[in-house]
1. Looking at 46, 92, 66, 80 in this structure, which one is under 30 Å from residue 2 (Cβ atoms), surrounded by 15 or more Cβ atoms within 10 Å (Cβ to Cβ) and at pLDDT 85 or above?
2. Inside region 16-32, can you point out the residues that are modelled with pLDDT under 85 and surrounded by fewer than 12 Cβ atoms within 10 Å (Cβ to Cβ)?
3. Can you name the residue in region 95-112 that is surrounded by 13 or more Cβ atoms within 10 Å (Cβ to Cβ) and more than 19 Å from the chain's Cα centre (by Cα) and, of all such residues, is nearest to residue 55 (Cα to Cα)?
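The values are calculated or read from the model by the stated rules, or taken from the named source; none is laboratory data. Fair warning: this is a prediction, and the values are worked out from it, not measured in the lab. In this analysis, Cβ positions are derived from the backbone assuming ideal geometry, glycine residues included, and neighbour counts consider all displayed protein chains.
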Amino acid sequence: MPRPMWKGAISFGLVTIPVNLYSAVEGRETLAFHLLHKKDGSRYEGAFRNAKFNGPGTMTTANGSGSQGGFRDGRLNGTGFLTAPHGYRHEGVHRNGKANGEGVATLPAGRR
């Protein structure tokens, strides 16, 4: 088993958690995580870079809205889809989290 580069602990009041730091075995530019925001119930699954959503991912909120596709700097960019809690859905090209260019909008009654 590899030896840790660093050994230490993180303390939160009366709780102390031991931590061992190991070197990476392969380099990657982005990391993929599951993030749950407890205050509003939103959830993000996908890639992060520079502490923001970057790369392919899926965002869902507690009210039923969401987005899926490529993210850049925390916003939907490129091809993907946005959904709203009342049933609206847009599939197509997005820039900075908004519909941009060609796409298909579906209304709650199923009309396009």
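1. When all the criteria are applied, what remains is 46.
2. Initially, region 16-32 is screened for residues modelled with pLDDT under 85, giving 21-32.
21, 22, 23, 24, 25, 26, 27, 28, 29, 31 - these are the residues of region 16-32 that are modelled with pLDDT under 85 and surrounded by fewer than 12 Cβ atoms within 10 Å (Cβ to Cβ).
3. Once the filter is applied, the top-ranked residue is 100.
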